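Asks: Below you'll find the structure I mean.
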Amino acid sequence: MKDIELKEGGPPDTFDNTLITNYLKCPRAEYWFLRGLDYRRTPSYFVYGRAWGAVLNSWHSASNREKPLEIRKVTALLAGKKVWDSEVVEIFENRPNDTWEGLIAMFDYYVESYGEEEQWLQVLEGEEVGFRFPVPHTDIYYAGSLDSYVEWSPYGVMAREDKAPGGYITPSYMAQWSHVSQVTGYIWALHQIVEKPFGILMNISSKRPRKDNMLRFSRELQTRSEWRIAEFMKETVGIADDIRREWDRWSWPKCGERNPYSCAGGPGLSPCLYKPLCLQEMEPWTLEETYNMSEQYTWRKEKWSPWTRKGEE
């Protein structure tokens with residue numbers, strides 16, 4: 001998308017966790033993201049996460065639960081391989097575990113750790129399913145996509161969110177989920193679907209091998225009070241307003257440079273995709289005239305809208 005197309009198209013009316021958090025990290029990165037500038041080769045950690053989600057959704061699906069164990073496992077892995085093969089994957093030297101072979105090994109340990117039967121039932125078939133709900137008393141929508149719905153007696157209906165971090169699962173890592181806005185947003189969305197949802201089942205699987213590979217897995221139930229959900233949505237509306245005001249000023253400042261890890265990367269952080277562009281001494285809307293982007297980037301064909309996913313994969 002060209003600069004003039006983004007500008008004349010006007011501000012979005014739909015916001016998800018990615019659009020909100022990208023803007024808070026750096027409005028300039030949000031600008032390029034909205035224009036659709038993307039990786040020429042998809043980093044393996046992005047593809048790994050999507051493929052892992054597909055494997056788990058197939059493994060836990062009602063249609064797969066009745067199959068013999070080995071057939072059930074193969075069916076799940078085939079669902080993940082379809083996702084893996086759909087991308088041109090770039091594997092980085094500092095991420096040796098982000099491979100398809102590593103995913104297969106992790107899945108074997110996952111099955112060994114949790115067994116063939118769960119205490120809960122997956123009640124949604126297929127891949128991620130998007131949601132888009134109006135925010136009351138505003139003219140915007142909050143959106144996203146949920147990995148899966150599960151039903152767990154006596155807790156009730158909840159969403160399952162699958163994560164595959166590259167590091168060890170530590171107490172401090174697990175403590176973050178009480179503060180993660182993505183989780184709060186998902187619980188808000190569940191309240192639009194289910195009368196009394198429980199919350200989110202965080203299903204964490206570490207890609208990093210350990211002496212005891214059963215330590216690579218952890219689960220946690222996350223809930224939010226009505227007050228916290230309301231506060232989250234009030235703040236979300238405020239941030240969405242800030243994003244929409246960029247169409248009045250059209251400056252998209254490089255706020256990421258106030259925290260250089262956001263640009264260059266750091267411990268556990270990858271460099272910003274758009275870092276080379278921010279080093280050019282010109283405004284981004286004139287950059288294309290002199291800077292060859294085709295060697296490093298490609299353009300998304302469609303606007304960012306994961307909330308349109310229907311679970312067809």
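The values are calculated or read from the model by the stated rules, or taken from the named source; none is laboratory data. In this text the structure is predicted, and so the values were computed from the model without any measurement. For neighbour counting, all protein chains shown are included, and Cβ atoms are generated from backbone atoms with ideal geometry for every residue, glycine included.
Asks: Looking at region 242-286, which of the residues that are surrounded by 14 or more Cβ atoms within 10 Å (Cβ to Cβ) and of a type in the set (A, V, I, L, M) is farthest from GLU30 (Cα to Cα)?
Replies: LEU277
Asks: Does at least one position in region 142-152 carry a residue that is more than 17 Å from TRP52 (Cα to Cα) and surrounded by fewer than 16 Cβ atoms within 10 Å (Cβ to Cβ)?
Replies: yes
Asks: Turning to a different aspect of this structure: Under 9 Å between Cβ atoms, which residue pairs at least 6 apart in sequence (or on different chains) link something in region 37-59 that is closer than 25 Å to ILE71 by Cβ with a partner that is hydroxyl-bearing (Ser, Thr, Tyr) and crowded, with 24+ Cβ neighbours inside 10 Å?
Replies: The qualifying pairs are GLY53/SER148; LEU56/SER148; ASN57/SER148.
Matching residues to (1) among the charged types (D, E, K, R); (2) closer than 15 Å to PRO197 by Cα:
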| residue | (1), (2) |
| --- | --- |
| ASP108 | yes, no |
| GLU117 | yes, no |
| GLY130 | no, no |
| PHE133 | no, no |
| HIS137 | no, no |
| GLY144 | no, no |
| GLU151 | yes, yes |
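Asks: Tell me, yes or no, whether region 91-102 has at least one residue that is of a type outside the set (Asp, Glu) and in a helix (DSSP H, G or I). Steps first, answer last, please.
Replies: Initial filter on region 91-102 (of a type outside the set (Asp, Glu)): 91-92, 94-97, 99-100, 102.
Filter again for in a helix (DSSP H, G or I), leaving 100, 102.
There is at least one residue in region 91-102 that is of a type outside the set (Asp, Glu) and in a helix (DSSP H, G or I).
Asks: Within region 189-200, is even one residue in contact (Cβ under 8 Å) with a residue 24 or more places away in the chain, hydrophobic (A, V, I, L, M, F, W, C), exposed (fewer than 15 other Cβ atoms within 10 Å of the Cβ) and not in a helix (DSSP H, G or I)?
Replies: Keep residues of region 189-200 that are in contact (Cβ under 8 Å) with a residue 24 or more places away in the chain, which gives 189-194, 196-200.
Okay, now just the ones that are also hydrophobic (A, V, I, L, M, F, W, C), so 189-190, 193-194, 198, 200.
Cutting the leftovers down to exposed (fewer than 15 other Cβ atoms within 10 Å of the Cβ) gives us 193-194.
So of that shortlist, the ones also not in a helix (DSSP H, G or I) come out as 194.
Yes, there is a match, as at least one residue in region 189-200 is in contact (Cβ under 8 Å) with a residue 24 or more places away in the chain, hydrophobic (A, V, I, L, M, F, W, C), exposed (fewer than 15 other Cβ atoms within 10 Å of the Cβ) and not in a helix (DSSP H, G or I).
Asks: Those residues that are more than 18 Å from ASN203 (Cβ to Cβ) and among the aromatic types (Phe, Trp, Tyr), I need them from region 40-93; list them, please.
Replies: Correct list: PHE46, TRP84, PHE92.
Asks: Can you name every one of the helices (runs of 4 or more DSSP H) wholly within region 207-280 that holds 3 or more residues which are modelled with pLDDT under 90?
Replies: Details: elements: 226-249, 261-264, 275-278.
It comes to 261-264.
Asks: Would you confirm whether any residue within region 148-162 is more than 22 Å from ILE200 (Cβ to Cβ), of a type in the set (D, E, K, R) and either at pLDDT 90 or above or assigned to a strand (DSSP E or B) (or both)?
Replies: Scanning region 148-162, I find no residue that is more than 22 Å from ILE200 (Cβ to Cβ), of a type in the set (D, E, K, R) and either at pLDDT 90 or above or assigned to a strand (DSSP E or B) (or both), so the answer is no.
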